[in-house]
There are 2 protein chains.
Amino acid sequence: MNAVASKPPPENNLNERLAHSGLRLTPQRQQVHEVLREKMDHPTADMVFMRAKAKMPEISMATVYNCLDALVQCGMVRQVTLDRGATRYCPNMQDHSHFYCDECGSVHDILQTISPEDADIKLPRGFRLKNIETNLHGLCPDCAAKAK
Amino acid sequence: MNAVASKPPPENNLNERLAHSGLRLTPQRQQVHEVLREKMDHPTADMVFMRAKAKMPEISMATVYNCLDALVQCGMVRQVTLDRGATRYCPNMQDHSHFYCDECGSVHDILQTISPEDADIKLPRGFRLKNIETNLHGLCPDCAAKAK
DNA sequence: TCTCAATTTAGAATAGTTCTAAATCTTGAC
DNA sequence: GTCAAGATTTAGAACTATTCTAAATTGAGA
């Protein structure tokens, strides 16, 4: 487990990714990751807990938070924050943005982003930009249809 | 107070805006709005409460939330959500984006946005886009300097 | 096998927000 | 001006989301 710092391209499998961040692969982390990939509906920690519990009854809420944090830390999962509500989790690490339905609160992946170049963002002196998060707000197809 | 619905361009002063949404101008709402404009550092509800309390000692937390909601509802204030923490409030209604410092958590207004046209976002069928929120992540000047 | 550090666990604690019911204020009708 | 109806404020309780704590468990390396 040396030469870790010298491995520039992070791997795409869970084990490698965790190791790369100095974290271990545990059954719980695996389970949480699976839950996220199984139904990519941007669940809250609570929803992840319930789904994981169905398969692994002894898992605890604290562990779910730990696991989610570990997955976020090692770059396998993204955190998604909507107004005032609980944080949601997204295992899609492709560059994409999120569409929030103002009506029903559902979240949808939109496979299109605005790159820093496209955006032509000119920051004041001193700021160091790492990434751009784009959130789209409006009505999802269902709610748009209902709204006449 | 009729003909309200027939007034298409919303006014820019607090009273008009509130009225336009069927809300009243109260001393508390005025105070909360002032607090926000006085120091535009994207305070949390709690910070707003403390600052408002300094000038208006009888004001309660519930009222601060009510007022913030009213101000958001009538379009005088924007809600800003950062990862997992408390919601922040921004009285700058100019089109702008927010820069979050990953290090110190500070929030900065960046007077540049990506319009739906510029972005050239193509949504799947049925979605109705209302607005785009752009959040920039990275290091603020202070933290960038410290980070060598 | 032993030791040490990482991880998990249950439950307590905290933070952020919303709810409730009573009191107060405002507005429009008379 | 007076009154009723509805909006708003208030304190505090309740609730939800998240973090902390301390003990138990696990796993890796010596």
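Assessment of the stretch B:68-78 against the conditions (more than 15 Å from DNA strand C (Cβ to nearest atom), on the phi > 0 side of the Ramachandran plot and not assigned by TED's automatic domain parsing to the domain that holds residue B:138) yields at least one matching residue.
Scanning the stretch B:25-39 for residues that are more than 14 Å from DNA strand D (Cβ to nearest atom) and either farther than 18 Å from residue B:106 by Cβ or open to solvent by 80 Å² or more (accessible area, probe 1.4 Å) (or both) turns up B:37, B:38, B:39. Being among the aliphatic types (A, V, I, L, M) and free of Cβ contacts under 8 Å to residues at least 24 places away in the same chain is a property that holds for residue B:72.
Taking the listed residues A:107, A:72, the one that is under 23 Å from residue A:26 (Cβ atoms), of a type in the set (A, V, I, L, M) and more than 9 Å from chain B (Cβ to nearest Cβ) is A:72, with no other qualifying. Only a single item in (1) under 22 Å from residue A:133 (Cβ atoms); (2) open to solvent by 10 Å² or more (accessible area, probe 1.4 Å); (3) of a type outside the set (A, V, I, L, M) is not met by residue A:96, and it is number (2). Is it the case that residue A:71 is hydrophobic (A, V, I, L, M, F, W, C) and either out of contact with any Leu (no Cβ under 9 Å at 6 or more places or on another chain) or open to solvent by less than 40 Å² (accessible area, probe 1.4 Å) (or both)? Yes: the conditions hold for residue A:71.
When the stretch A:83-93 is filtered for residues that are open to solvent by less than 40 Å² (accessible area, probe 1.4 Å) and within 14 Å of chain B (Cβ to nearest Cβ), the ones remaining, listed by number, are A:87, A:89, A:90. The residues of the stretch B:49-65 that are closer than 14 Å to residue B:30 by Cα and either more than 12 Å from DNA strand D (Cβ to nearest atom) or open to solvent by 50 Å² or more (accessible area, probe 1.4 Å) (or both), listed by number, are B:51, B:53, B:55, B:65.
The values are calculated or read from the model by the stated rules, or taken from the named source; none is laboratory data. Worth saying up front: this structure is predicted, and the values here are computed from it rather than measured. A quick note on method: Cβ atoms are made from the backbone with ideal geometry, for glycine too, and the neighbour counts reach across all protein chains shown. Quick note on the areas: whole protein, heavy atoms, side chains included, nothing else; ligands and nucleic acids left out. Shrake-Rupley method; radii C 1.70, N 1.55, O 1.52, S 1.80 Å.
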